[in-house]
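A short worksheet on the structure shown next.
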Amino acid sequence: GVRQPKRAGRVKRDLVTDMRRFSVILRVARAALPGGARAFRTACARPAFAKELCLGNFQKEEVFPYPQISNEELKEINQLVGPVEKFFSEEVDSKKIDQDAKIPQETLNGLKNLGLFGMQIPEEYGGLGLSNTMYARLGEITSQDGAIAVTLAAHQAIGLKGILIAGTEEQKKKYLPKLASGEHIAAFCLTEPGSGSDAASIQTRATLSEDGKSFILNGSKIWISNGGIADIFTVFARTEVVDKDGATKDKITAFIVERAFGGITNGKPEDKLGIRGSNSKTHIKSEDAELVF
């Protein structure tokens, strides 16, 4: 019984000695590093904000100070807010839109004239080039009508977003001006009858043509907002890709698909609650649609 504390004390002293030795070795190793080399990281990685929030730890330094809008930006947004508020209070009949399950063409034309189909598209491509703050401010107004809010969001928040953030300069110049003006409307096609939140299980397939100049697209998508009125679709499909080891694997690729390509058909509109005026199709089918690149 009397030996146990001595053994525990000896183990503790040995552990402290080992830690000191390691500290010396670490300092020597750091001193030996050439200039500009990456040092060893001994501190914990920066904690993830969302994880810490779920654990009850609010990392206020991650969100404060709250971003302030500049005077120039404030002046610009105030110039836009007035006409948009006036249009929605005088020209938008939300009751009729919901009863008819359709946004009247004159209302769509008014939205286009205000530039609301190109809120975040850069000015060089014909859009308003708004920041996220300014976009959110106008969203407070456009959301007064649910159908209009869905139509505009499906168009630019997802429909054309891929072109905006990952498109080539040639693609941006070709598509964004007409999308910004509302001459063309965009839709986002991911969900399928057998694939909802599990996007990796989609079955739509794009096959490279024999001459290697185009892809042939076949498959079905469902619940596509703007599906019946869109001219440009961002469509996700499986493609065969040869990896660096020479093995052929299935990868998911996003394609820009024009309705004008042909082979694109859609089913009846989905009747929804509260946003009946937004155009959502239960079924969009691509059958041997040829995508030339």
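The values are calculated or read from the model by the stated rules, or taken from the named source; none is laboratory data. Nothing here was measured: the structure is a model prediction, and the numbers come from that model. Virtual Cβ from ideal backbone geometry, glycine too; neighbours counted across all protein chains shown. Surface accessibility is based on the protein's heavy atoms, side chains included, excluding ligands, DNA and RNA. Shrake-Rupley method; radii C 1.70, N 1.55, O 1.52, S 1.80 Å.
What to note about this one:
- Residues of the stretch 227-257 satisfying the condition of being under 15 Å from ALA206 (Cα atoms), of a type outside the set (A, V, I, L, M) and in contact (Cβ under 8 Å) with a residue 12 or more places away in the chain: PHE233, THR234, PHE236, ARG238, THR239, GLU240, ASP250, LYS251, THR253, PHE255
- Qualifying residue in the stretch 195-202 (condition: in contact (Cβ under 8 Å) with a residue 24 or more places away in the chain, closer than 30 Å to GLY115 by Cβ, of a type outside the set (S, T, N, Q) and outside any strand (DSSP E or B)): no
- Pairs with Cβ under 6 Å, 6+ apart, first in the stretch 98-119 and small (Gly, Ala, Ser), second modelled with pLDDT under 95 and open to solvent by 50 Å² or more (accessible area, probe 1.4 Å): ALA101/ARG276
- Evaluation of ILE224 against (1) in contact (Cβ under 8 Å) with a residue 60 or more places away in the chain; (2) in contact with a Ser or Thr (Cβ under 6 Å, 6 or more places away or on another chain) (one fails), failing number: (2)
- Of everything listed in (1) open to solvent by 50 Å² or more (accessible area, probe 1.4 Å); (2) at pLDDT 90 or above; (3) within 28 Å of ASP100 (Cβ to Cβ); (4) out of contact with any helix residue (DSSP H, G or I) (no Cβ under 6 Å at 6 or more places or on another chain), the single unmet condition for ILE252 is (3).
- Close Cβ contacts (under 9 Å, 6 or more residues apart or on different chains) running from residues in the stretch 120-133 that are free of Cβ contacts under 8 Å to residues at least 60 places away in the same chain to residues that are open to solvent by less than 20 Å² (accessible area, probe 1.4 Å) and of a type in the set (S, T, N, Q) comprise GLN120/GLN156; ILE121/GLN156; GLY127/GLN156.
- Selection from the stretch 154-168 of residues that are surrounded by fewer than 21 Cβ atoms within 10 Å (Cβ to Cβ) and within 14 Å of ILE256 (Cα to Cα): ILE158, LYS161, GLY162, LEU164, ILE165, ALA166, GLY167, THR168
- A count restricted to the stretch 162-177 and to residues that are among the basic types (Lys, Arg) and free of Cβ contacts under 8 Å to residues at least 12 places away in the same chain stands at 1.
- Residue that is modelled with pLDDT under 95 and open to solvent by less than 10 Å² (accessible area, probe 1.4 Å), where the choices are THR204, THR151: THR204
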